[in-house]
Amino acid sequence: MKLSVSARAAAAGGIATVMLLTGGAVADAASAPPRPAAAPDLPLASVKAHLTQLQSIATANGGNRAHGRAGYKASIDYLKAKLDAAGFTTTLQQFTASGRTGYNLIADWPGGDTGQVVMAGSHLDSVSSGPGINDNGSGSAAVLETALAVSRAQYKPTKHLRFAWWGAEELGLVGSRYYVNRLATGDRSRISAYLNFDMIGSPNPGYFVYDDDPAIEKTFKEYFSGLGVPTEIETEGDGRSDHAPFKSAGVPVGGLFTGASRAKTAAQAAKWGGTAGRAFDRCYHSSCDTTANINDTALDRNSDAVAYAVWELSE
Ligand code: DTR
Ligand code: CA
Ligand code: ZN
Ligand code: ZN
């Protein structure tokens, strides 16, 4: 049974909406390119289990997971162990910032055309004032669970998949800049897409899609329209997260965001729910950015959107 794109997106998002293609549509379907297997619906419980681990790591290490502190390296170790066990080829890229050692974690999924690399990434560091569960445990957990879903499915896409967790983003995109600046000549043009996920579980969430690359933006908007969730263009963040160094290097970029310290408007509350006049995340860069600072629906929808885009863009 052929699903329309929006129904398939809904299915990928876990809502069983099936539309039969009848009459002329069948002709369209017959001429349509083969569609990839729908991306899996990532279990919210699995994504949240990573957040619980990151919270425990922060609690055991002075309350944060900041660059250069024990909590950051423990976060790296947690993710690397999961990825190694799942069959990824992992690389720890070490750098120094503000006199302290930092790390990027890069995980390559063996196979695929290394001339067309689809990357999904997020920064793993928190600020020093808190555990950084929404900023940015949320993005890091969603990217990790997407990578683990690739392994579970033994997914074999046409393109090569690479996942990345950046260090020292909070110091000024230090880790991602370090990575992009050290790409070998020609490797920049081999990255066909970089997808960035920084704060995707905000407690008073908005649904923002980066508008840097039209094809990537369309992919995310297809997914959310399949769920019946309206989106807005992300305007707060140009240059404010790890997609910026990739964009400056000419790589097509996109991503998702649920909002930080800006207040949700009445119009936004009318379409998304939540509280007008209140910040999307009133614990932004604060000690209260804990596992209690997450909206489950937003985290679930955005985690599934990460998987949907990775599958769609790497087919
Ligand atoms: N710079 C991010 C948070 C942030 C603020 N605005 C945006 C827009 C798009 C992505 C991220 C952000 C941080 O504090 O880590
Ligand atoms: Ca899900
Ligand atoms: Zn931050
Ligand atoms: Zn962030």
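The values are calculated or read from the model by the stated rules, or taken from the named source; none is laboratory data. Here the structure is a predicted model, which is why all the values come from computation and not from measurement. Glycine gets a Cβ as well: all are built from the backbone with ideal geometry, and neighbour counts include every protein chain shown.
Summary of values
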read-out	value
Set G167, G137, G130: member being more than 18 Å from G87 (Cβ to Cβ), within 16 Å of ligand 1 (Cβ to nearest atom), more than 16 Å from the chain's Cα centre (by Cα) and modelled with pLDDT of 95 or more	G130
Scan of segment 68-86 for residues that are under 20 Å from the mean Cα position of the chain (by Cα) and of a type outside the set (V, I, T), ordered by number	Y72, S75, D77, Y78, L79, K80, A81, K82, L83, D84, A86
Residue selected from segment 213-233 under the condition outside any helix (DSSP H, G or I) and hydrophobic (A, V, I, L, M, F, W, C), by the criterion surrounded by the fewest Cβ atoms within 10 Å (Cβ to Cβ)	I233
Only listed residue being away from ligand 1 (no atom under 16 Å from the Cβ), of a type in the set (G, A, S) and under 24 Å from N134 (Cα atoms), chosen from A266, A244, A249	A266
Number of the condition not met by H123 [criteria: (1) within 12 Å of ligand 1 (Cβ to nearest atom); (2) within 17 Å of A305 (Cα to Cα)]	(2)
Flag for G255 being closer than 25 Å to G167 by Cα, outside any helix (DSSP H, G or I) and in contact with a His (Cβ under 7 Å, 6 or more places away or on another chain)	yes
For N204: the one exception among (1) farther than 18 Å from F246 by Cβ; (2) away from ligand 4 (no atom under 16 Å from the Cβ); (3) assigned to a helix (DSSP H, G or I)	(3)
Number of positions in segment 265-315 that are within 16 Å of ligand 3 (Cβ to nearest atom), of a type outside the set (A, V, I, L, M, F, W, C) and surrounded by fewer than 24 Cβ atoms within 10 Å (Cβ to Cβ)	6
